[in-house]
Amino acid sequence: MNKNEKPSFLKGKGAAVATVICFVAVITMVGAFTFRNYQNRMEQELAKAETAADEETKENSEETATNEIVLPEAEGTEDAETAEEDAAEDAGQAANDALSLEDGNAETAGAAADVWFSEESILEWPASGAVLINYSMDKTVYFATLEQYKYNPALIVGGEVGEMIGASAPGVVTNIEQDAQTGLTVTLDMGNGYSAIYGQLKEVPLEVGTYVNTGETIGYLSEPTKYFATEGANLYFEVQKDGAPVNPMDFMEG
């Protein structure tokens, strides 16, 4: 090869390189364009998918919200109806109770209005036996069980265990209590400030507020308390006027 041929060779080599570079550039541009189209298409598809998902979620949310609104209203209505029925039943029961209580109070009030005891009133003999210890508030009397003399505000009347004790006069029960000395004790308000107290009882069928007529059951005679063991079975019978004891014998016939 001579000196004149060397530049031609270089020219041919340079043209080939330029061609290759152009080809690569063209391929790169085509690839970039194709990739851009693919990317745009994927973004559009993704946007469509997101839009569809949002619409489905919105529909589900609306359906759920609707269900949540309707169902509680139905339950609330049922509860309200039940509450109204219960309220009506309670009101009816309350009315019946009020009527019963009113009738009972009216009956008791009417009976109490008939109770009136005075100095001229008569007491029925309260138990079957004789007087074991007399009423005595002006001097002391002897109590065998206690082995001592003391004042006695009542009559201690002998009787049989289990015998029925009836009211000596009409009255309304004001107190039922258990006392250490007189045992189970019932107090009747006889009116006009007078009261009758019955002690040493058992099986009392009464309640406070009960009206008792003459001869009706106060209770039954019990075993005596330890304060009257020597005296034996007895009825403790006390009469009071305005809270102070008076002699029951002053109101007995004969």
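Structure above, values below:
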| item | result |
| --- | --- |
| Residue count, the range 230-254 (criterion: farther than 14 Å from residue 196 by Cβ and β-branched (Val, Ile, Thr)) | 1 |
| Subset of the range 109-135 [more than 47 Å from the chain's Cα centre (by Cα), buried (at least 17 other Cβ atoms within 10 Å of the Cβ) and small (Gly, Ala, Ser)] | 129 |
| Total residues in the range 233-244, condition of a type outside the set (A, V, I, L, M, F, W, C) and crowded, with 17+ Cβ neighbours inside 10 Å | 4 |
| Residue list for the range 128-147, filter: within 20 Å of residue 214 (Cα to Cα) and in contact (Cβ under 8 Å) with a residue 60 or more places away in the chain | 129 |
| Among the residues listed as 183, 193, 199, the single one being open to solvent by less than 40 Å² (accessible area, probe 1.4 Å) and under 20 Å from residue 120 (Cβ atoms) | 193 |
| Check on residue 219, open to solvent by less than 20 Å² (accessible area, probe 1.4 Å), within 16 Å of residue 143 (Cβ to Cβ) and within 37 Å of the chain's Cα centre (by Cα) | no |
| Residue count for the range 172-197, restricted to those that are on the phi > 0 side of the Ramachandran plot and in contact with a Leu (Cβ under 8 Å, 6 or more places away or on another chain) | 1 |
| Selected residue (only one of 238, 223, 216 is more than 17 Å from residue 187 (Cβ to Cβ) and among the charged types (D, E, K, R)) | 223 |
| Flag if residue 120 is among the charged types (D, E, K, R) and more than 17 Å from residue 199 (Cβ to Cβ) | yes |
| The range 192-208: number of residues that are part of a strand (DSSP E or B) and under 14 Å from residue 178 (Cβ atoms) | 6 |
| Set 176, 165: member being in a strand (DSSP E or B), closer than 28 Å to residue 230 by Cβ, of a type in the set (Val, Ile, Thr) and open to solvent by 50 Å² or more (accessible area, probe 1.4 Å) | 176 |
| Residue count, the range 236-254 (criterion: within 46 Å of the chain's Cα centre (by Cα) and in a loop (DSSP other than H, G, I, E, B)) | 2 |
| Unique residue being in contact with a strand residue (DSSP E or B) (Cβ under 7 Å, 6 or more places away or on another chain), of a type in the set (Lys, Arg) and touching a residue at least 12 places away in the same chain (Cβ under 8 Å) when the list is 241, 150 | 241 |
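The values are calculated or read from the model by the stated rules, or taken from the named source; none is laboratory data. From a predicted model like this one, the values you see are computed outputs, not experimental measurements. So basically every Cβ, Gly included, is an ideal-geometry build from the backbone, and we count neighbours across all protein chains shown. These accessible areas exclude ligands, DNA and RNA; they are computed on the full protein's heavy atoms, side chains included. Shrake-Rupley method; radii C 1.70, N 1.55, O 1.52, S 1.80 Å.
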